[in-house]
Structures are given as C-alpha cells and as structure tokens.
1. If a residue must be of a type outside the set (Gly, Ala, Ser) and in contact (Cβ under 8 Å) with a residue 40 or more places away in the chain, how many such residues does the range 289-329 contain?
2. Suppose we keep only residues that are at pLDDT below 85 and open to solvent by 60 Å² or more (accessible area, probe 1.4 Å) within the range 339-359. Which one would you say is farthest from Glu212 (Cα to Cα)?
3. Against the definition (modelled with pLDDT under 90 and open to solvent by 20 Å² or more (accessible area, probe 1.4 Å)), how does Leu270 come out, yes or no?
4. Given the conditions (1) more than 26 Å from Val211 (Cβ to Cβ); (2) small (Gly, Ala, Ser); (3) crowded, with 17+ Cβ neighbours inside 10 Å, which single one is not true for Gly336?
5. Within the range 186-205, track down each residue that is part of a loop (DSSP other than H, G, I, E, B) and either surrounded by 15 or more Cβ atoms within 10 Å (Cβ to Cβ) or not polar (S, T, N, Q) (or both).
6. Quick check on this structure: which one of Asn262, Asn232 is open to solvent by less than 30 Å² (accessible area, probe 1.4 Å) and either among the small types (Gly, Ala, Ser) or in contact with a Leu (Cβ under 7 Å, 6 or more places away or on another chain) (or both)?
7. Of the residues Glu218, Glu129, which is at pLDDT 60 or above, acidic (Asp, Glu) and on the phi < 0 side of the Ramachandran plot?
8. Which of the residues that make up the range 76-113 are of a type in the set (S, T, N, Q) and touching a helix residue (DSSP H, G or I) at 6+ places or on another chain (Cβ under 9 Å)?
Amino acid sequence: MPTADSDSPLPPPRLRDLLRAGVGIRSIALTVLMLLGVAYTLYFARPVILPVVLALILSLLLAPAVRLLHQKCRVPPSIGAGFVLAALLGTLGVGASFVVEPASAWMQTIPEKIPDIKARLRILKQPFEKVRDASQKVNELAEMRDAGEKPAVSIAPSETPFRSLMTQTPAFVANLFVMFILLYFMLASGDLFLRKLVRMIPSFEDKRRAVEIAREIEDRISLYLRTITVINVCLGTAVSFAAALVGMQNYVFWGLLAFVLNFIPYIGALVGVAATLVVGLLSFESTAYAFLLPAIYIALNTIEGNFITPLIMGRILTLNPVIIFIAIMFWGWIWGIAGALLAVPLLAVLKITCDHLKPFHAIGEFIGGSADA
C-alpha cells in the first residue's frame with residue numbers, strides 16, 4: 001500500500017518489532033479507558049449516531065448512481081438524489097408488502113403453537129429428557145428433605161411480541177425518517193464534505209492521504225455492497241423457488257428473508273434455518289417433510305458461503321472470519337440488528353483506514369483475511 005514516503009509496498013509489521021518499542025502501563029490503561037468510553041458512548045447515543053452511520057453507508061452504495069445521472073444525463077445532484085432515494089423507498093415498500101402480513105400472522109400464531117412444535121420435536125429431545133427427568137428426581141428428593149414453608153413467588157406476565165413491537169415502532173420510524181433525510185442531503189451534497197475536510201488539513205501529503213482514504217473507502221465499500229447485494233438476490237431467489245417447490249406458503253417472503261439475513265455472515269444463516277424449520281413444522285403434518293426446506297436452505301447457503309462469495313469477494317475485500325464474528329457480536333450488542341448488518345462495512349472501513357496510516361498497519365494486517373509469510 002503506498003505511503004507518503006515511498007511508493008514501494010510496505011512489508012507487514014512483525015510482532016517482535018511491536019514488542020521492542022515497549023508499551024507503558026499508563027498508555028495501556030488510558031487506551032482501555034478510551035475504548036470503553038467510546039463503546040458506551042456508541043451504546044447510549046444510539047438514537048443519534050445510528051441514523052448517521054446508516055445514512056453514510058447507504059450513501060456509499062448510492063452515490064455512484066447519483067454521479068452517473070449527473071455525468072450521463074446532466075441531472076443535478078439535488079434532483080438525482082431525489083430520484084435515487086425514491087427508487088430505494090419504492091423497492092423497500094414493495095418488499096415490505098410481502099413481509100408485513102405473513103410476519104404479523106406468524107407472530108400471533110407461533111406462541112400458541114409452541115406445544116405442538118415441542119411435541120413434533122420430541123423424538124429429538126428424548127436423550128435430553130432423560131437427563132432432565134433424572135435432575136427432577138434429585139430436586140424432588142432435596143425438596144422432601146428440606147420441606148418447609150416457602151414464600152410465594154408471583155411472575156408478572158411477559159410482554160408479548162406484538163406489544164413490544166408496538167412500543168418500539170414510533171422510535172424506529174423516527175430514526176428511519178431522520179436517516180432518509182440525512183441520506184438525501186449526503187447524496188445531494190456530493191463531495192462537499194470531502195472538499196471541506198481537505199481544506200482543513202494543512203499538509204499536502206496529509207491532504208493526498210485523506211483523499212486516497214476517502215476514495216478507496218467509497219470505491220471498495222460501494223463495490224462490496226453492490227456485489228453482496230447481487231449475491232444475496234440470487235440466494236433469495238433460489239430460496240424462494242425452493243419454498244415454492246416444497247409447497248410453503250408466502251414463498252416470496254422466504255426469499256426476502258434469506259436476502260436480508262445473508263447480509264449478516266454466519267448468524268443470518270442460522271436464523272433463517274431456524275425460522276424455516278419452525279414454520280415448516282406449523283405448515284406440514286410430516287415432520288420429515290418439514291425439515292426439507294431447512295435442509296435446502298443449508299445446502300444453498302453452504303454453496304454460497306464456501307464457494308461463490310469467497311471466489312467473488314476475495315478480489316474485493318478480504319477480512320478475518322474470526323474478527324468478522326467478533327464484530328457482529330460487538331455491533332449487535334451496541335446497535336441491535338442494525339449493528340449486525342453494519343458490522344462488516346464498518347470493519348472494512350477500519351481496515352482500509354489502517355492500511356493507509358503507517359502507525360496502524362499492524363491492526364490492518366490483523367483484520368485482513370490473508371496472512372503474509
């Protein structure tokens with residue numbers, strides 16, 4: 001990666017070289033405190049920071065379309081941003097029309113059908129039930145020995161998914177509205193913020209490095225998002241066809257669900273398989289037939305995750321799988337589902353930035369997926 005001093009590639013840093021420099025206890029303590037402060041700030045300031053980050057990531061995806069309209073059709077960025085945003089909202093509206101009705105119906109049906117699902121899966125639970133029965137007998141013997149008056153315990157009724165959804169919807173809609181407003185202004189402003197940032201930097205080399213980082217982040221993240229979107233569309237289409245072949249109702253919903261969940265590596269596939277299994281048990285009388293769609297889902301996701309995506313994405317962006325999983329857990333804890341969706345793009349931004357800044361090359365190498373000898 002080019003640096004300010006030379007155009008030759010910089011050799012990867014060695015761990016022994018980092019250890020030779022020596023690190024003070026005070027600097028380690030200050031670094032840990034700073035990281036904790038940043039994490040808790042991101043957590044508690046989620047209503048303010050999350051819409052900004054979502055708008056920024058989406059602007060990286062949609063900015064090339066606005067720029068293309070301006071270059072090819074002479075459409076001003078303010079109008080082009082409106083066209084692109086309208087197309088995005090229309091696509092989201094069409095997708096939501098296929099999702100809202102079946103999702104709301106299943107949210108009301110699944111709690112009532114949980115005993116039936118447990119009965120259908122009893123054959124898989126028999127080894128665990130034997131252990132549970134043995135532990136219950138031990139507990140009964142202990143209670144007989146320590147019999148006595150015990151305080152009554154009252155359990156408050158748990159909040160239903162529908163009630164939880166209704167209480168969270170106003171805040172979600174407000175954040176979504178703020179995010180789309182910010183997204184429009186980011187798309188309409190073009191390179192305004194980058195030009196202002198460059199003017200603030202005094203050194204020419206620092207100006208050049210800032211422009212390189214910004215351009216590479218936009219190019220790489222935009223290409224990553226476009227590529228992974230195309231891959232997920234193909235996966236969602238395949239899952240939708242599979243759901244139609246096995247006779248699952250609302251097969252378009254399953255394609256859309258697979259499309260969205262595949263933006264979350266590893267965890268998204270597990271959620272999709274669990275969802276298809278639960279609804280399959282509700283939809284089909286045969287337990288073996290209910291496992292058919294989850295099995296196809298696993299096969300399609302295995303082909304996509306182990307062959308198609310590495311072959312295509314390896315030339316665009318290579319990240320450490322372990323770091324990806326940790327990033328998903330961290331951002332999922334900080335910002336929930338939205339954080340899990342943003343984990344990989346944010347990790348990619350961190351890697352690109354570290355690769356361009358000499359003091360942080362070691363972090364960029366650690367995040368990267370390929371190890372250099």
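1. Pass one, the range 289-329, residues of a type outside the set (Gly, Ala, Ser): 289, 291-294, 296-298, 300-304, 306-313, 315-326, 328-329.
Those left that are additionally in contact (Cβ under 8 Å) with a residue 40 or more places away in the chain: 289, 292-293, 296-297, 300-301, 304, 308-309, 312-313, 316-321, 323-325, 328.
Of the residues in that region, 22 qualify.
2. It comes out as Pro359.
3. Details: modelled with pLDDT under 90: no; open to solvent by 20 Å² or more (accessible area, probe 1.4 Å): yes.
Judged against the criteria, Leu270 is not a match.
4. (3)
5. So in the range 186-205, the residues part of a loop (DSSP other than H, G, I, E, B) come out as 190-191, 201-203.
Hits for the range 186-205 are Gly190, Asp191, Ile201, Pro202.
6. Working: Asn232 fails: either among the small types (Gly, Ala, Ser) or in contact with a Leu (Cβ under 7 Å, 6 or more places away or on another chain) (or both).
Every option except Asn262 fails the conditions.
7. Working: Glu129 fails: at pLDDT 60 or above.
When all the criteria are applied, what remains is Glu218.
8. The first filter runs over the range 76-113 and keeps only residues of a type in the set (S, T, N, Q), leaving 78, 91, 97, 104, 108-109.
The answer is Ser78, Ser104, Gln108, Thr109.
The values are calculated or read from the model by the stated rules, or taken from the named source; none is laboratory data. On a predicted model such as this, the values are computed, not experimentally measured, just so you know. All Cβ positions, glycine included, derive from the backbone under ideal geometry; neighbour counts span all protein chains shown. When the accessible area is computed, the model is the full protein with side chains, heavy atoms only, and any ligands, DNA or RNA have been set aside. Shrake-Rupley method; radii C 1.70, N 1.55, O 1.52, S 1.80 Å.
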